[in-house]
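The values are calculated or read from the model by the stated rules, or taken from the named source; none is laboratory data. Only a predicted model underlies this, so the values are computations on that prediction, with no experimental measurement involved. When we count neighbours, we look across all protein chains shown, and the Cβ atoms used for this are built from the backbone with ideal geometry, even at glycine.
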Amino acid sequence: MVSLYEGGIYLVNGTEIVPEKEGAKVKALTGKDAEKESARKGTIAYSILKAHNTSDNMEHLKLKFDSMASHDITFVGIVQTAKASGMEQFPIPYVLTNCHNTLCAVGGTINEDDHMFGLSAAKKYGGIYVPPHIAVIHQYMREMMAGCGRMILGSDSHTRYGALGTMAVGEGGGELVKQLLCDTYDVAYPGVVAVYLDGAPRPGTGPQDIALAIIGAVFKNGYVKNKVMEFVGPGVASMTTDYRNGVDVMTTETTCLSSIWKTDEDTRAYLAKHHREDAYKELAPADVAYYDGCVYVDLSTVKPMIALPFHPSNTYEIDELKANLTDILGSVEAEAAKVSGGKAQFTLLDKVKGGELFVQQAVIAGCAGGTYSNVMEAAQALKGRNCGCDEFSLAVYPSSQPVFADLVKKGAVSDLMDAGAIIRTAFCGPCFGAGDTPCNNGLSIRHTTRNFPNREGSKPGNGQMAAVALMDARSIAATAANGGRLTSAWEMDGWDNVPEYEFDDISYKNRVYMGYGKGEAEKSLVYGPNIKDWPEMSPLADNILLKVCSKIMDPVTTTDELIPSGETSSYRSNPLGLAEFTLSRRDPEYVGRAKEVDKLEKARTKAGEAEELALEPVLAGIFEKIRTIPGNENVRAGETEIGSMVYAVKPGDGSAREQAASCQRVIGGLANICREYATKRYRSNVMNWGMVPFQMEAEPEFEVGDYIYVPGIKAALDGDLKDIKAYVLGKGTEDGIKELTLYIADMTAEEREIVKAGCLINYNKNRH
């Protein structure tokens, strides 16, 4: 089904895979010797990156993007940060969508206040404003902004438009701020991995099935981590562009940096249908292109898939699951017990009746599920059938008003409604816990992007536990037709008869504010009472004293665990207000611990050394012990910044939300220590918010409440970042000192200066 090559490969004439170790075959096929460095330049990714690189060094890229996109969880903070840094206008098209806190269901006026802030920002700085319910962020960008050879930066992790020939990157807000200030996105040249598609999907196999098969093969081994996935091969032509979009958006769950696909006449037709044929050009690898790896996918062998809780990589063929229900569901129950920490119970085996698994809810929504062809095929499968009148329910969210309108015109919406489905407007809520939260102990099957622990909205701390399994819309429709009995789409007939989509942008013309290039500087931003400026953050001192405020030994820690999504996101425009939720579902005591440390630091900077040390007697003992370390005999508290620290084995999988880092920072966070960062975007967020991105190879021999002293941190940031000496100091002065070796992966010159300045805002202020 899916196989991975060891080592690099040459792709010859777009069809022949030649493993690097068999490079001599290249000459037999082309008449020329294989030249690896030259062939590296033959990828589609190389040509696009080169065109957007502002430096003369292709190993260390400084990229400028063609356009950007944010939604209403992120754009307020980005605009506030850019404003504080001196921005006067949006220098490139910047789309502000309102598809996350769309419902305005909690917190009084705060959600709609943020929407009005976004509209006022579009008017003042010259932006594009997409009101609530009109389109989810990525569907709008596909329809209106993506184009062949372009690059788009978005403050949402699922910023992926590779199927339209656009290399798109999801990052934290700080990276968008840099583009708004006409700075660059700095990154080492990434590896490029070919995703070679062969054959054609069978009827009933949808884009989510293809995506889950790939994710299951590459996530756990890091095969494409921080690399570009380049989709090539004859199988590309077997998919419509709408179908390709559904595969492409899920590449985020592999932890790749970006994606790009070869383009063809179907790509042209898609862009022409959306009145943008001029955005088309053919993209294909050169006659000989070298890739750092290859994911081979025989599309014809991919069966309907399911990703069980609690990650998109926990994949099984639906048939395989049904044949081994007891063993597989038992393993998920065991994992659920770990997730809940004994605060709630989640069971699956009790949902097996007569040898069949029954689910309680289904959702087809968002940038992955709500596309035209997904919803249309689901509607055709359910026409004349019904979802039943028991506990099972189905909700469908078309991804944009144009998609919704055409589904209405073609009768698909009435077919779904007649079957008992609930139809809603364009909204991302079910993907991150702000809509359609299932019942306690309920299992929801969803064609959305993620199924992380409690991302669907349940709260173990309140005794609640639910979970999500990811499936394709076609198998969801088949399950709905059977009243919630888990059913593979292959158990039904009649697939692949999708009528041609007819795009009408009248809803955009009548509702979207098109202000690019029309900024009115004299206009004021509209602030609601919840919208607060970023608090001041101090520059880095010569030394740092870190108090361990959380230690997480899970294999992976998601951004949802670092800062929960769902209704907590409504407070994202109030940095200190949102920070109260930091690690609330994973380590509820963290915020209290961190705030106590922050009090010490604020007292240190305000009152002077002697008074500050008197606040907590143990600190006097800590500094006495520090002065016993050779070379630190004269260290003073006045030159040693005190802050909190989080240790996690592998933090940052998932969302691009910068709040995962900023919420730590605004309550005194100074560093993260980990074995490795799950994604580049989370590590970037850590640095942009002035925290030191430490790593260590050894097991952490420290506990919550211990102090870690790092002398000469500013000097270390000017050095090679290797073998940084640190010292673990126990909670009491009677404890000994343990030496610790930390390191920091490579940082650009700008990143080093940002951390030393204390955050990106300070860095930008210092430059002006």
Is it the case, given these coordinates, that A726 is among the aliphatic types (A, V, I, L, M), touching a strand residue (DSSP E or B) at 6+ places or on another chain (Cβ under 9 Å) and farther than 30 Å from H100 by Cβ?
yes
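Inside region 541-551, can you point out the residues that are more than 14 Å from S644 (Cβ to Cβ) and either polar (S, T, N, Q) or surrounded by fewer than 21 Cβ atoms within 10 Å (Cβ to Cβ) (or both)?
To start, the set of residues in region 541-551 that are more than 14 Å from S644 (Cβ to Cβ) comprises 541-543.
Selection gives D542, N543.
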If we take region 1-52, then strands (runs of 3 or more DSSP E) inside it with 1 or more residues that are modelled with pLDDT of 95 or more and exposed (fewer than 14 other Cβ atoms within 10 Å of the Cβ) are 2-4
Of the candidates I563, I552, I544, the one satisfying the condition of being under 30 Å from A726 (Cα atoms), touching an Asp or Glu at 6+ places or on another chain (Cβ under 6 Å) and touching a residue at least 24 places away in the same chain (Cβ under 8 Å) is I544
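For (1) modelled with pLDDT under 95; (2) over 23 Å from R150 (Cα atoms), each residue gets a yes or a no:
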{"position": "L164", "(1), (2)": "no, no"}
{"position": "V169", "(1), (2)": "no, no"}
{"position": "G173", "(1), (2)": "yes, no"}
{"position": "L176", "(1), (2)": "no, no"}
{"position": "Q179", "(1), (2)": "no, no"}
{"position": "P190", "(1), (2)": "no, no"}
{"position": "A200", "(1), (2)": "no, yes"}
{"position": "D209", "(1), (2)": "no, yes"}
Considering (1) touching a Phe, Trp or Tyr at 6+ places or on another chain (Cβ under 6 Å); (2) of a type in the set (V, I, T); (3) more than 17 Å from V193 (Cβ to Cβ), say which one V18 fails and leave the rest.
(3)
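Closer than 18 Å to K599 by Cα, more than 20 Å from the chain's Cα centre (by Cα) and touching a residue at least 40 places away in the same chain (Cβ under 8 Å): does that describe I667? I'd like the intermediate steps shown before the answer.
Details: closer than 18 Å to K599 by Cα: yes; more than 20 Å from the chain's Cα centre (by Cα): yes; touching a residue at least 40 places away in the same chain (Cβ under 8 Å): yes.
Spelling it out, I667 is indeed closer than 18 Å to K599 by Cα, more than 20 Å from the chain's Cα centre (by Cα) and touching a residue at least 40 places away in the same chain (Cβ under 8 Å).
Condition check: of a type in the set (G, A, S), under 30 Å from H158 (Cα atoms) and either touching a helix residue (DSSP H, G or I) at 6+ places or on another chain (Cβ under 6 Å) or surrounded by fewer than 24 Cβ atoms within 10 Å (Cβ to Cβ) (or both). Does A637 satisfy that?
Values: of a type in the set (G, A, S): yes; under 30 Å from H158 (Cα atoms): no; either touching a helix residue (DSSP H, G or I) at 6+ places or on another chain (Cβ under 6 Å) or surrounded by fewer than 24 Cβ atoms within 10 Å (Cβ to Cβ) (or both): yes.
No: the conditions fail for A637.
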Give the residues of region 485-517 that are hydrophobic (A, V, I, L, M, F, W, C), in contact with a strand residue (DSSP E or B) (Cβ under 6 Å, 6 or more places away or on another chain) and more than 16 Å from V130 (Cα to Cα), sorted by residue number.
L486
Checking P309 against (1) surrounded by fewer than 23 Cβ atoms within 10 Å (Cβ to Cβ); (2) outside any helix (DSSP H, G or I); (3) not aliphatic (A, V, I, L, M): exactly one of these is not met. Which one?
(1)
Out of all the residues in region 67-82, is one or more more than 24 Å from the chain's Cα centre (by Cα), on the phi < 0 side of the Ramachandran plot and part of a loop (DSSP other than H, G, I, E, B)?
no
Working only within region 328-348, note down all residues that are acidic (D, E) and farther than 18 Å from Q360 by Cα.
E335
Subset of region 552-567 (residues that are surrounded by fewer than 23 Cβ atoms within 10 Å (Cβ to Cβ) and at negative phi):
I552, M553, D554, P555, V556, E567
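Determine which member of the set A105, A121, A69, A84 is touching a strand residue (DSSP E or B) at 6+ places or on another chain (Cβ under 6 Å), in contact (Cβ under 8 Å) with a residue 60 or more places away in the chain and aliphatic (A, V, I, L, M). Reasoning before the result, please.
On the way: A105 fails: touching a strand residue (DSSP E or B) at 6+ places or on another chain (Cβ under 6 Å); A121 fails: touching a strand residue (DSSP E or B) at 6+ places or on another chain (Cβ under 6 Å); A84 fails: touching a strand residue (DSSP E or B) at 6+ places or on another chain (Cβ under 6 Å).
Only one candidate qualifies: A69.
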By my count, strands (runs of 3 or more DSSP E) wholly in region 134-210 with at least 1 residues that are buried (at least 24 other Cβ atoms within 10 Å of the Cβ) and touching a Gly at 6+ places or on another chain (Cβ under 8 Å) are 151-154, 167-170, 192-198
Taking interchain pairs and intrachain pairs at least six residues apart, which have beta carbon atoms under 7 angstrom, with the first residue in region 437-466 and under 25 Å from T255 (Cβ atoms) and surrounded by fewer than 24 Cβ atoms within 10 Å (Cβ to Cβ) and the second small (G, A, S) and at pLDDT below 90?
G457/G433; G457/G566
Could you give every pair whose Cβ atoms fall below 9 Å, whose first residue belongs to region 376-389 and is at positive phi, and whose second residue is of a type outside the set (A, V, I, L, M), counting only separations of at least 6 or pairs across chains?
G384/D415; G384/D418; G388/G420; G388/N482; G388/G483; G388/G484
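Can you tell me which residues in region 327-338 are touching a helix residue (DSSP H, G or I) at 6+ places or on another chain (Cβ under 7 Å) and either among the polar types (S, T, N, Q) or surrounded by 18 or more Cβ atoms within 10 Å (Cβ to Cβ) (or both)? Break it down stepwise before answering.
Here is the first cut: in region 327-338, the ones touching a helix residue (DSSP H, G or I) at 6+ places or on another chain (Cβ under 7 Å) are 328-330, 333.
Residues satisfying the conditions are I328, L329.
Among the residues in region 282-304, are any among the hydroxyl-bearing types (S, T, Y), within 25 Å of M151 (Cβ to Cβ) and either surrounded by fewer than 24 Cβ atoms within 10 Å (Cβ to Cβ) or at pLDDT below 95 (or both)? So that I can check it myself, show each step before the final result.
Narrowing region 282-304 to residues among the hydroxyl-bearing types (S, T, Y): 290-291, 296, 300-301.
Checking the rest, the ones that are also within 25 Å of M151 (Cβ to Cβ) come to 290-291.
In the following step, the residues that additionally are either surrounded by fewer than 24 Cβ atoms within 10 Å (Cβ to Cβ) or at pLDDT below 95 (or both) were identified as none.
So far as region 282-304 goes, no, none of its residues is among the hydroxyl-bearing types (S, T, Y), within 25 Å of M151 (Cβ to Cβ) and either surrounded by fewer than 24 Cβ atoms within 10 Å (Cβ to Cβ) or at pLDDT below 95 (or both).
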Please work out which residue is modelled with the highest pLDDT, limiting yourself to region 714-768 and to residues that are within 18 Å of Q695 (Cβ to Cβ) and polar (S, T, N, Q).
T741
Set G690, G736, G712, G730: member being farther than 30 Å from L63 by Cα, of a type in the set (G, A, S) and touching a residue at least 60 places away in the same chain (Cβ under 8 Å)
G712
Within region 501-540, take every residue that is at pLDDT 95 or above, among the β-branched types (V, I, T) and surrounded by 13 or more Cβ atoms within 10 Å (Cβ to Cβ) and give me the one that is farthest from E377 (Cα to Cα).
V526
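Going through A716, A656 one at a time, which residue ends up being surrounded by 24 or more Cβ atoms within 10 Å (Cβ to Cβ), aliphatic (A, V, I, L, M) and farther than 23 Å from K599 by Cα? Show your work before the answer.
Values: A716 fails: surrounded by 24 or more Cβ atoms within 10 Å (Cβ to Cβ).
Exactly one residue qualifies, and that residue is A656.
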Which of (1) closer than 24 Å to I552 by Cα; (2) buried (at least 17 other Cβ atoms within 10 Å of the Cβ); (3) without any contact (Cβ under 8 Å) to a residue 40 or more places away in the chain does E580 not meet, given it meets every other one?
(2)
